[in-house]
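K.L.:
Below you'll find the structure I mean.
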Amino acid sequence: MRTLAFQMPDRGSGGPTGPRIRVGRPSRRVRTLLMTVGALAVLAMLFVMFAGFWTDWLWYRSVGYRSVFTKTLWTKIGLFAVFGLLMAGFVGFNIWLAHRLRPPLSAMSLEQQSLDRYRMGIAPYKKWILLGVTALIALISGASAAGQWRTWLLWINGVSFGKTDPQFGKDVSFYAFDLPWYRFLLSFGFAAAVLSLLAAALVHYLYGGLRVTSPGARATAQATGHLSVLLGVFVALKAVAYWLDRYGLAVKGSDFKATDNWTGLKYVDANAYLPAKTILFIIAIICALLFFATLWRRTWQLPVIGFGLMVLSAILIGGLYPAIVQKFQVEPNEQAKETPYIEKSIQATREAYGIDDAKVNDYAGTTKAKKGTLRDAADGAASMRLLDPNVVSPTFQQKQQVRGYYQFPATLDVDRYTTKDGKEQDTVVGLREINTDGIPKKGWINEHFKYTHGYGMVAGKGTATDEDGEPVFTEKDLPPRGELGKYEPRVYYGEKTNEYSIVGGPQQELDYADDTGEKTYTYTGDSGVDLSNPVNRAAYALNFNEPRILYSGAIGEGSQVLYNRTPKERIEAVAPWLTIDGDPYPAVVDGRIQWIVDAYTTTNNYPYSSRTTLGDTTADALTDDQRAVVAQQNSVNYIRNSVKATVDAYSGDVKMYEWDTKDPVLKTWMKAFPDTVEPKEKISDALMEHLRYPQDLFKVQRELLTRYHVTSPSQFYSGSERWQIPDDPTHKGNAVPPYYLSMKMPGEKQQQFSLTTTFNPNERQTLGAFMAVNADAKSPDYGSMTMLKLPSNTTVSGPQQVQSKINSDPEIANDLNILKRGDSEVEYGNLLTVPLEGGLLYVEPVYIRGADTNYPRMRKVVATFGEEIAYEDTLEEALDTIFATDGTGEKDEEPTPPGDGDRQEEGEKDEEQSPPGDGTVQEALDDLQKAYDRGQKALEKGDWEEYGRAQDDIKEALEKAEKAGGGSSG
């Protein structure tokens, strides 16, 4: 190959020639190297793009929900392609048409002749420029359309709600499924019209069809016709927008005096905005026809006049007229004008949130029952939960963590288990999950290969503590032992399991450790993604940014990678159309630990229903990042607990069951994703035992019921009966959380597992109402809500006032000061509220966190009823004390149960003289009670020797009582 040599002047020396510079083409070897590097770079970029797609596909295949991945993917691709091509075609066609309608060069003005250099510059590349512009527009539009895959699937699969809105008579499905899609199409049309108009105007100007500074006509006839048609299309779309706006009024949000989240038509909407939108629709149609007419008239005069009329009408009819109606018709008599619309809002909101069947019963809040009746009733009123799941996690951690690489969640869960005698028992449960921060020696192998899973469930009686104030564990230790029977204890999937693990290969996992040393294990499930394939290993090395996955000898035949390991992550991935409850909870079902997850279907387009913000409404004193609701849309005005889902803690298997069989939103999604949700009939009896009413749904419903418990429009408007959710008295500034509790509502014959809450009157701390929902999924009354509404003129103490009374009681304060010596801390447990014979009983455990132990132990129980307050070592003693008098200073005429009658107010005297021998009888009964209590505690601990001694003492006390009774009768 010859090289080209030339000479340049040597300016430095002034000589005639300078150094010779050789310019040549690179050698074949260099070209080959550059091409190879370029090809490798392209392949690397393609592999990076491919890796994300491939790992997603592998994960969905491993969990058994490939159909969700493929349906979502193809829907997005289809929308991207269709709307990208439509936008590109529409804009590209108008650019081509504007170029084709350009005037001849001889007709161009001096202004246009100055643009010759631009025209000449793009002339050789105009096809490529056209392709580039349309491709860019197609990419942007396609990406925007792909994001509307949920809207498309709801529209194409929508089913009827069977309910119509009161204004237009349209089925609710029109607003929930159809209207959002029509609005997207409209916005797409506007974008296409505007982009086409701008592109066409630019081409017409560049090629002389439009003039700005030149004298004479400003546009050629061809440009005038072309642009007027595009403007006509824009105005026609505006007419469609006005027509859809009429229906949009039914789901339009606005502020209103009676509520901050009003949705639907008010008086001014129905009588001013609605006719205004209809008139503006007609005007826009006429205006669009005038623009189209310029194809024949070739003048802008009439279209401009029509457009000006439309703008003026929008200001006067669409803005000024409704303001006048509001000012001079509505405001002088707002309640009367708005009453029909308030009534519609109340009905729609109660239906949309499932609170239309909530019962409101009047409740006195005070009682005239005698102390014996109250004491007897207190035993059966509720299973008072002394073990607070929000406080005792450190105690579980201290007593049952066993090793530093295990952990429990900060807030434990409440479930029900059947005891050996066949009775249901409220139980506080938590899983011993893996904690990689506690691994003795950190390292990639230890964190991802050896310490891979937690081990076992720990459970404690909700209604009892031992003599040291610690939980009475019904399931404990490693390996697990207790009342739950045999089950698979390994926890590979959990709330705290956020790291990936590689299992099933040559590297042995730590199973658990005991006194004999470490036990190893190899995962036998198939929920992970196989890593024996080098392509998979490369993809995950890139996905996890960990190159050692590619070459590590710890990965071999049978190795699997487990990730997306929290229950909420897995449900959200396989059902991206569901809103996930913030509190999954574990249960032992058929020998497996299953995470039970409640999931919701929602919409923001239920006509007339008030909106709520899920993130704010479900937040309370216990909400943190782990317990926050996972919402597809944060603002909603319709919600149903339509799906109950489970995640196997060992295998990661995900099952979803249809729970609300009437929910049209769920039916729509089941049409879109068939075979993903199993029918309700497939829920096993063992699983049904542990299903419960979800907390987040209850929080949403109670927030709405602060206003919508009122069904009278006049009362709703006045706000006189408005309630508020009280602050948690022990966590200032946060709403009190609802509590799971087995209890008996007035009129019921037996306790039901319930979810309870209280309400205050607005801006007050007294009690306004108590509400409970039947939370037992086995019960035929599951989901039934009952509110006990207290009289407005009473001053029954609310939770904050009760807590203030407890804190200010001298006896309690003095004792707590003693208990706090040595830097101990006092922690109050859940303040439980229980209806009791017309009154309200409050019970609160008191925990002491010792400086030397650093975990809370229950030391005292506080009970209040009316003005009485008791502070004792046990719940039984507190109830005995509080019902020792009937509140009048006089003893009850009924016989006093053992342990009662010890606390009389100063100066109080017995009205009747005790018969001879009663003192000896009473002493015998006291001894009997003490012996019985000791026997029960010994039985719980399994101390049979102490239990035998207690039985002997019981026998001796009975003999003593018999002798004393005989002596007095003689």
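The values are calculated or read from the model by the stated rules, or taken from the named source; none is laboratory data. Because the structure is predicted, anything quoted here is derived from the model rather than measured. Neighbour counts are summed over all protein chains in view; Cβ atoms, including those assigned to glycine, are modelled from backbone coordinates with ideal geometry.
K.L.:
If you take the residues of region 720-777 that are within 16 Å of Lys359 (Cα to Cα) and outside any strand (DSSP E or B), which of them is farthest from the chain's Cα centre (by Cα)?
P.N.:
Gly747
K.L.:
For the condition among the hydrophobic types (A, V, I, L, M, F, W, C) and over 23 Å from the mean Cα position of the chain (by Cα), what is the one hit in Leu614, Leu578, Leu562?
P.N.:
The conditions single out Leu562.
K.L.:
Here is a follow-up. Tell me which helices (runs of 4 or more DSSP H) are completely within region 513-587 and hold 1 or more residues being basic (Lys, Arg) and farther than 27 Å from Thr75 by Cβ, or say none if there are none.
P.N.:
534-543, 548-551
K.L.:
Of all the residues that make up region 553-573, how many are aliphatic (A, V, I, L, M) and surrounded by fewer than 24 Cβ atoms within 10 Å (Cβ to Cβ)?
P.N.:
3
K.L.:
If the requirement is being touching a Gly at 6+ places or on another chain (Cβ under 7 Å), part of a helix (DSSP H, G or I), surrounded by fewer than 18 Cβ atoms within 10 Å (Cβ to Cβ) and not charged (D, E, K, R), which of these qualifies: Leu309, Leu295, Leu290?
P.N.:
Leu295
K.L.:
So, of the residues in region 411-421 that are surrounded by 16 or more Cβ atoms within 10 Å (Cβ to Cβ) and touching a residue at least 24 places away in the same chain (Cβ under 8 Å), which turns out to be farthest from the chain's Cα centre (by Cα)?
P.N.:
Tyr417
K.L.:
Sticking with this structure for a sec: Look at Ile315 and say whether it is surrounded by fewer than 21 Cβ atoms within 10 Å (Cβ to Cβ) and over 27 Å from the mean Cα position of the chain (by Cα).
P.N.:
Yes: the conditions hold for Ile315.
K.L.:
Name the pairs: first residue in region 323-351 and under 16 Å from Pro713 (Cα atoms) and surrounded by 18 or more Cβ atoms within 10 Å (Cβ to Cβ), second residue β-branched (Val, Ile, Thr) and modelled with pLDDT under 90, Cβ to Cβ under 7 Å, at least 6 apart or on different chains?
P.N.:
Pairs found: Lys337/Val330.
K.L.:
Here are Gly485, Gly456, Gly462, Gly469: which of them is in contact (Cβ under 8 Å) with a residue 60 or more places away in the chain and crowded, with 23+ Cβ neighbours inside 10 Å?
P.N.:
Gly462
K.L.:
In addition: How many of the residues in region 791-820 are touching a Ser or Thr at 6+ places or on another chain (Cβ under 8 Å) and in a helix (DSSP H, G or I)?
P.N.:
Going through region 791-820 one residue at a time, the tally reaches 6.
K.L.:
Ok, one more. Just wondering, is there one or more residues in region 777-792 that are touching a helix residue (DSSP H, G or I) at 6+ places or on another chain (Cβ under 8 Å), touching a residue at least 24 places away in the same chain (Cβ under 8 Å) and within 26 Å of Val391 (Cβ to Cβ)?
P.N.:
No, because not a single residue in region 777-792 is touching a helix residue (DSSP H, G or I) at 6+ places or on another chain (Cβ under 8 Å), touching a residue at least 24 places away in the same chain (Cβ under 8 Å) and within 26 Å of Val391 (Cβ to Cβ).
K.L.:
State all residues of region 677-691 that are within 24 Å of Glu424 (Cβ to Cβ) and within 25 Å of the chain's Cα centre (by Cα); if no residue qualifies, say none.
P.N.:
Those that are within 24 Å of Glu424 (Cβ to Cβ) and within 25 Å of the chain's Cα centre (by Cα): Lys680, Ile683, Leu687, Met688, Glu689, His690, Leu691.
K.L.:
So Asp269 ticks every box in (1) of a type outside the set (Val, Ile, Thr); (2) more than 25 Å from Thr613 (Cα to Cα); (3) crowded, with 19+ Cβ neighbours inside 10 Å but one. Which box is left unticked?
P.N.:
(2)
K.L.:
I would also like to ask the following. Return the residue satisfying two criteria in turn: it lies in region 469-504 and is of a type in the set (A, V, I, L, M, F, W, C) and over 30 Å from the mean Cα position of the chain (by Cα), and of such residues it is farthest from Gly553 (Cα to Cα).
P.N.:
Val472
K.L.:
Now, a different point. Please specify each residue of region 422-453 satisfying the condition of being assigned to a loop (DSSP other than H, G, I, E, B), touching a residue at least 24 places away in the same chain (Cβ under 8 Å) and under 30 Å from Gln752 (Cβ atoms).
P.N.:
Hits for region 422-453: nothing passes.
K.L.:
Let me ask you something else. Going by the structure shown, is Pro810 under 21 Å from Pro761 (Cβ atoms) and not hydrophobic (A, V, I, L, M, F, W, C)?
P.N.:
Answer is no for this residue.
K.L.:
Has region 491-508 got at least one residue that is loosely packed, with under 14 Cβ neighbours inside 10 Å and assigned to a strand (DSSP E or B)?
P.N.:
Looking through region 491-508, none of the residues is loosely packed, with under 14 Cβ neighbours inside 10 Å and assigned to a strand (DSSP E or B).
K.L.:
Filter region 759-805 down to residues that are crowded, with 18+ Cβ neighbours inside 10 Å and among the aromatic types (Phe, Trp, Tyr), then give me how many there are.
P.N.:
Of the residues in region 759-805, 2 are crowded, with 18+ Cβ neighbours inside 10 Å and among the aromatic types (Phe, Trp, Tyr).
K.L.:
Could I ask something else about it? State whether one or more residues within region 629-636 are crowded, with 21+ Cβ neighbours inside 10 Å, at pLDDT below 95 and farther than 28 Å from Thr164 by Cα.
P.N.:
Yes, there is a match, as at least one residue in region 629-636 is crowded, with 21+ Cβ neighbours inside 10 Å, at pLDDT below 95 and farther than 28 Å from Thr164 by Cα.
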